[in-house]
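Okay, structure first, notes after.
The values are calculated or read from the model by the stated rules, or taken from the named source; none is laboratory data. Only a predicted model underlies this, so the values are computations on that prediction, with no experimental measurement involved. Reconstructed Cβ throughout: ideal geometry from the backbone, glycine too, with neighbour counts over all protein chains shown. Protein only, heavy atoms only, side chains kept; ligands, DNA and RNA dropped before computing areas. Shrake-Rupley method; radii C 1.70, N 1.55, O 1.52, S 1.80 Å.
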Amino acid sequence: MSVNTFFWFENGAEEAADFYVSVIPNSRVVDIARNSDGSAFIVSLELDGQAVTIMNGGPDHPLTDAASLQVVVDSQDEVDRLWDALTEGGQPGPCGWLTDRYGLFWQVVPSVLLELMSGDDPAKTIAVGTALRTMSKLDVKSLQDAYDNA
């Protein structure tokens, strides 16, 4: 058995897969099933070990923010790098969310946020949540300051 994340794209799956593996370290395109005209139909890839499949299925099922890929990173530099790459041609959103140029939704999250939001002091976690809701790209220092000053 395996569990795989599957996204229905209108088109551009092969181009998107090549872009994603260039942006996410330790990633690769695994396989491409092609239509009779040579165009990509289904692209299988691994994003840092996570199995993802993208299908060029046409416009019947557009991507929404109800499904996204979350990337948890260890530093502000990685937040900045991924945010800049993924929003190029895309759209920033609230609270670390964004839409890339292919219409796929992402969350770029510093690992410290998960720690700060699961602390034992409710006032501190509320302060972090309040600060989070004011941000588009997440800022590690501001999140830590909100926690420390609560």
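Helix-only arithmetic for the chain: the sum of -39500 (n - 2.57) across DSSP H runs with n ≥ 4, divided by the residue total, places the mean residue ellipticity at 222 nm at -10000 deg cm²/dmol. Seen against the Cα atoms of the chain and their longest principal axis, helix 13-23 is set at about 40 degrees. Compared with the alpha-carbon gap, the fully stretched path from Val29 to Val3 is longer by 7.7 nm at 0.36 nm per residue. Label-to-label distance, Ser118 versus Asp84, with points set 7 angstrom from Cα along the beta-carbon direction: 3.1 nm.
On the range 1-92, 47 percent of the accessible area sits on carbon and sulfur atoms, based on a 1.4 Å probe. For the range 56-71, putting each phi into the Karplus relation 6.51 cos²θ - 1.76 cosθ + 1.60 with θ = phi - 60° gives couplings of 7, x, x, x, 5, 9, x, 5, 9, 6, 5, 9, 8, 9, 9, 10 Hz, in residue order, rounded to whole numbers and with x for Gly and Pro.
Taking Cα atoms only, the orientation of helix 76-87 departs from the longest principal axis of the chain by about 40 degrees. In the chain, taking the dipole from charged Cβ atoms about the Cα centre, the farthest positive-side position among Leu98, Val21, Ala40 is held by Leu98.
Rolling a 1.4 Å probe across the protein heavy atoms gives the chain an accessible surface of 54 Å² per residue. Using alpha carbons only, how many degrees (0 to 90, rounded to 10) separate the axis of helix 122-132 from the longest principal axis of the chain? Here the helix axis deviates by roughly 50 degrees. When the alpha carbon gyration tensor of the chain is reduced to an equivalent ellipsoid, its three semi-axes come out at 33, 14, 13 angstrom, largest first.
Counting only Cβ charges, +1 for Lys and Arg and -1 for Asp and Glu, the dipole size of the range 52-120 around its Cα centre is about 260 debye. Treating each Cα of the range 4-57 as one equal point scatterer and applying the Debye formula with no solvent, the log10 of I(q)/I(0) at q = 0.15, 0.19, 0.20, 0.30 Å⁻¹ comes out as -0.34, -0.55, -0.60, -1.21.
Tally up the carbon and sulfur contribution to the accessible surface of the range 93-144 as a whole percent, 1.4 Å probe, everything protein left in place. Solvent-exposed carbon and sulfur of the range 93-144 make up 60 percent of the total.
Full extension of the chain between Gln76 and Ser142 yields a length gain of 22.7 nm, computed as 0.36 nm times the residue separation minus the alpha carbon distance. Dipole size of the chain about its Cα centre, with +1 on Lys/Arg Cβ and -1 on Asp/Glu Cβ: approximately 200 debye, rounded to the nearest 20.
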